[in-house]
Structures are given as structure tokens and as C-alpha cells.
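Structure first, then comments.
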């Protein structure tokens, strides 16, 4: 497993472990903010940013979901830095929780007729294991430490929604 002695910040952890593609026009911190901004938009957070900062509020991409999945698969819970970060009881069942993952809300159609004819959103049930829950708790701590915009914090359910998102 990786060690974190060479890493300078949680932003670097998200960037390196997640495998974000380098963007020569953006610093690592701005690149992480764009990544988190797309996730926040996906789960439905509305926020204002400072006028001097432009964040990417476009829909979540396949690359974003792959990055979230790499972050979820990383064994955060074995690192001493995250001792006490998780509060998952070792005696609990292997499948700890089921989460309903609802697709993101699309902008409402212009007419009530089109909205009425639109197909219903499908909801998936995601089974989260004890190990995944421990990793989600560590990941929640990390990404919330990286947030530099908005007045929200990602919840475990938010992270499940982005880690298991279906994007077209």
C-alpha cells in the first residue's frame, strides 16, 4: 500500500490516488476544486463562488466517476493517519448498508407537457460493505478538508452517489 509521507496535502492525495488527468492551465488546488464542484453539482448542491474564481459546474464525467471509484478502492483505513476516522464495528455484517442512488436532477423541461411525458428517473440500490464504509468515512474526511467553496460538506450518501454514478 501507498504511504503518505511524500504527500504534501489532502489535495495532493485526491489528485494522485484518484489519478486525475493533469491540466497545465490549472493548479492542483483549482483542479481539485473543479473535480469537487462537478461532484457537488451532481448531488444537487447549489453554491456561489467568489467572482474571481471560476469553477467547473458541468455534469459529472466518466473520468470523474473512475476517479471516485479509485478513491473508494484505496485502502485509506490501513494508514495510521486515519486511525479513529472510521467508526465501523468489526462485528457488523459484511453488507453494512444499502443506499438508494438516484440520478441527478436534469433541468426542468420548458413546458409542463414535456415534463409530464419525460420518463421517470430510475433508482438503483447499492450495497456498501463494511470495508467500503470505512473507506467512505476516510474519503469523506479527506474531500471535506479539500473543499474551499460553498457552505456544505459531502455526506456519506453523497459520496456513494458519485462513486456509483451512472453517466452517459
(request) Grab the Cα-Cα distance for residue 12 and residue 47, subtract it from 0.36 nm times how many residues apart they are, and report the gain in nm with one decimal. (result) 10.2 nm
(message) Test of understanding: ordering 142, 156 by Cβ neighbours within 10 Å, fewest first, what list do you get?
(response) 156, 142
(message) At a 10 Å Cβ-Cβ cut-off, how would you order 28, 143, fewest neighbours first?
(response) 28, 143
(request) Can you pull the one-decimal nm distance between simple spin-label points at residue 81 and residue 141, each 7 Å off the Cα toward Cβ? (result) 1.1
(request) For a quick protection proxy, order the peptides 40-47, 9-16 by their average other-Cβ count within 10 Å, most packed first. (result) 9-16, 40-47
(message) Using the basic label-point model (7 angstrom from Cα toward the beta carbon), what is the residue 69 to residue 129 distance in nanometres?
(response) 1.6
(request) Rank the residues 146, 163 as a footprinting-exposure proxy: fewest other Cβ atoms within 10 Å of their Cβ go first. (result) 146, 163
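Any read-out appearing in this document is the output of simple, stated calculations on the displayed coordinates, not a laboratory observation. Keep in mind that what you see is a predicted model, and the values were worked out from it rather than measured. Note: ideal-geometry Cβ built from the backbone for every residue, glycine included; neighbour counts use all protein chains shown.
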